[in-house]
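Contents: one structure, followed by commentary.
Please treat every number below as a calculation from the coordinates, not as lab data. As the structure is a computational prediction, the values presented were derived from the model and not from experiment. Here the Cβ is made from the backbone with ideal geometry for all residues, glycine too, and neighbour counts use every protein chain on show.
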Amino acid sequence: MSSIETLRGLYGITDTALMPDDDTLIMKVTAAIEGGMTILQYRDKSHDDEKRVRQATRLRELCDQSGTLFLINDDVDLALACGAHGVHLGQSDEALISARERLGGQAIIGITCEDSMELARRANDQGADYIAFGRFFPSLTKPDARPAPLYLLDEAREEFEIPIVAIGGITRDNAPQLVNSGADMLAVVNDLFSPQDSETITLRARDYLSLYHQR
Ligand SMILES: Cc1ncc(COP(=O)(O)OP(=O)(O)O)c(N)n1
Ligand SMILES: Cc1nc(C(=O)O)sc1CCOP(=O)(O)O
Ligand SMILES: [Mg+2]
């Protein structure tokens, strides 16, 4: 498996509305992996712990077979329970320092930095493995997400060595400007996982990956 600092590409995030059951979840994730998805984040805000452990474990097995990095949204306990490669933490989730103590030095820990270079500096200083900025465009999945200006990516690229992730309303049409501004990874929910058929999802994943093969 690649280490995070060398990774560039497509970062898929699951969604319970678009993937309402195990079969749909596995079908759509398999299709995205087939298309070259680099990282998968399992994001489930329900309180159905049995379902979350079951689904996360199945996804980790799928990702291990393909060398795809598998991260859990918010929940360090779930990451430990399913053997995930790490977590993504927002500003209201468990602190990075605590997650690092529990997950260890090899774990991948990404931090939401919204529209803030200060949050990014703090995350970088505390040993984050990547920093995520957004939202760059209106998001169907998270309409209330705070907007971030595109120049933030250029500024962050100048300052940080660790990978930079862009998120929020990303499509194949608006993605090139994010890549050109320095985004190492494009974190996508709706434009990747909204199609009902696996072929379309695979083609969309390949479209995103092609943006990094052109550079
Ligand atoms: C790659 C990536 N970037 C940002 C987020 C948002 O995380 P957070 O602010 O914790 O919000 P929730 O996703 O928990 O609603 C993310 N999940 N992934
Ligand atoms: C989970 C999440 N976090 C965001 C942030 O701005 O921090 S935007 C977002 C949802 C991204 O979904 P879509 O690709 O459908 O817009
Ligand atoms: Mg969170």
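Brief remarks on what is shown
- The set of residues from the range 128-175 being in contact with a Ser or Thr (Cβ under 7 Å, 6 or more places away or on another chain), within 12 Å of ligand 1 (Cβ to nearest atom) and at negative phi comprises Ala132, Ala145.
- In the range 47-65, the residues that are in contact (Cβ under 8 Å) with a residue 40 or more places away in the chain form no Cβ pair under 6 Å with any partner that is surrounded by 14 or more Cβ atoms within 10 Å (Cβ to Cβ) and of a type in the set (S, T, N, Q), whether six or more places apart or across chains.
- Residue among Arg121, Arg206 that is surrounded by fewer than 20 Cβ atoms within 10 Å (Cβ to Cβ) and either more than 20 Å from Leu40 (Cα to Cα) or within 14 Å of the chain's Cα centre (by Cα) (or both): Arg121
- Leading residue by the ranking (nearest to Leu59 (Cα to Cα)) among those in the range 4-19 that are of a type outside the set (A, V, I, L, M, F, W, C) and within 16 Å of ligand 2 (Cβ to nearest atom): Thr14
- Of all the numbered requirements in (1) more than 17 Å from Phe193 (Cα to Cα); (2) assigned to a helix (DSSP H, G or I), Ile33 misses one, and that requirement is (1).
- The set of residues in the range 185-207 being assigned to a helix (DSSP H, G or I) and either in contact with a strand residue (DSSP E or B) (Cβ under 6 Å, 6 or more places away or on another chain) or closer than 22 Å to Thr16 by Cβ (or both) consists of Asn190, Asp191, Leu192, Phe193, Ser198, Thr200, Ile201, Thr202, Arg204, Ala205.
- Scan the range 163-177 for residues that are surrounded by fewer than 19 Cβ atoms within 10 Å (Cβ to Cβ) and outside any helix (DSSP H, G or I) and the total you get is 4.
- Of residues in the range 131-162 being more than 24 Å from Ile108 (Cα to Cα) and aromatic (Phe, Trp, Tyr), the one surrounded by the most Cβ atoms within 10 Å (Cβ to Cβ): Phe137
- Selection count, the range 97-114, where residues are out of contact with any helix residue (DSSP H, G or I) (no Cβ under 9 Å at 6 or more places or on another chain) and surrounded by fewer than 13 Cβ atoms within 10 Å (Cβ to Cβ): 5
- Matching residues in the range 152-198 - criterion: being farther than 16 Å from Leu10 by Cβ and within 13 Å of ligand 2 (Cβ to nearest atom): Leu152
- Of all the residues in the range 115-169, those that are touching a helix residue (DSSP H, G or I) at 6+ places or on another chain (Cβ under 8 Å), over 17 Å from Leu96 (Cβ atoms) and among the β-branched types (Val, Ile, Thr) number 1.
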